[in-house]
Amino acid sequence: MDTQFLLILSSCVIDDPEEDEKIKIISKEIDRMFCLLQLQRSWSSNDFSINIFKISAQIREQPAECIRPIFDRSLKELLGEARGMAVEDTFVYPFFKDTGIELGKRFKRYFFARVERFIAQNTIMQMRHDFYDLVQNTGNVNGFHIEHILANNDQNIQEFGGDEELFESERNRLGGLLLLKGKDNISSNKETYKSKLESYANTLYWNETLREDTYKSKLDFRKMMQEFKLTFKPMKTFGRNELEERHKLLFDIASIIWR
């Protein structure tokens with residue numbers, strides 16, 4: 001995305017003492033608006049582009065403290081137009097509840113990369129892979145791909161009353177997805193959940209939160225859970241209820257990342 005340049009130039013004056021702060025705020029707010037529209041199934045590239053010009057006029061030569069409220073108003077307007085209703089909050093679970101299948105692959109990879117960085121930063125750990133590999137790289141060696149926790153088999157379909165259409169829409173929700181490196185993703189494609197849990201070891205932090213050993217003697221991880229009131233927990237089985245729990249957990253994490 002390159003629209004931040006237009007907005008930065010609009011907001012700054014010559015020798016602006018708040019230039020650095022404005023650059024940071026605007027770049028963050030564009031990412032926030034873009035992501036929250038995507039995550040709430042309210043994205044329209046045309047409407048987004050039009051609103052960028054509206055925002056540009058509203059923030060022109062304004063102090064840094066005025067920028068966030070203007071973005072918030074614009075985000076609520078875009079959500080309201082997409083949903084056909086008045087919107088008071090910038091991120092709500094009812095809009096997020098079914099999110100997944102309509103999202104582009106690269107955005108899903110970016111979303112889980114942000115989740116991964118959130119966990120790493122708040123548990124004082126290093127990222128195991130850089131953003132390029134997590135988001136952009138599609139190679140078989142270092143590239144990552146979308147992994148469905150629920151494999152497409154009869155047993156899992158029966159978990160959804162034998163309704164294949166419902167099964168597909170549900171397993172594609174963000175709570176039923178994660179990222180795996182190319183070869184790992186291919187090898188786990190048809191495995192049972194029990195076997196998948198084994199393949200999730202030593203991959204990404206988000207994947208490993210499904211495993212019981214993630215929670216043993218991990219003081220920093222428990223501190224993060226308590227600080228942000230996040231309901232991480234291991235899952236020995238994975239069905240409709242577990243998928244919903246993971247989806248709600250992702251909503252809570254996203255609410256912190258893009259707050």
More than 19 Å from Met127 (Cβ to Cβ) and in contact with a Pro (Cβ under 6 Å, 6 or more places away or on another chain): does that describe Glu212? yes
From Phe111, Phe118, Phe107, Phe91, which residue is assigned to a loop (DSSP other than H, G, I, E, B), farther than 23 Å from Thr192 by Cα and of a type in the set (Phe, Trp, Tyr)? Phe91
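Listed here are the residues, each with its yes/no results for (1) among the aromatic types (Phe, Trp, Tyr); (2) farther than 17 Å from Met1 by Cβ; (3) without any contact (Cβ under 8 Å) to a residue 60 or more places away in the chain.
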| residue | (1), (2), (3) |
| --- | --- |
| Gln40 | no, yes, yes |
| Ser74 | no, no, yes |
| Glu77 | no, yes, yes |
| Lys97 | no, yes, no |
| Gly104 | no, no, yes |
| Ala120 | no, yes, no |
Can you name every residue in region 219-238 that is surrounded by 14 or more Cβ atoms within 10 Å (Cβ to Cβ) and of a type outside the set (A, V, I, L, M, F, W, C)? Lys233, Pro234
Would you confirm whether any residue within region 89-101 is within 20 Å of the chain's Cα centre (by Cα), among the small types (Gly, Ala, Ser) and on the phi > 0 side of the Ramachandran plot? yes
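Read-outs: derived from the displayed coordinates by stated rules, not from any lab. What you see is a predicted model, and the numbers here were worked out from it, not measured in a lab. For neighbour counting, all protein chains shown are included, and Cβ atoms are generated from backbone atoms with ideal geometry for every residue, glycine included.
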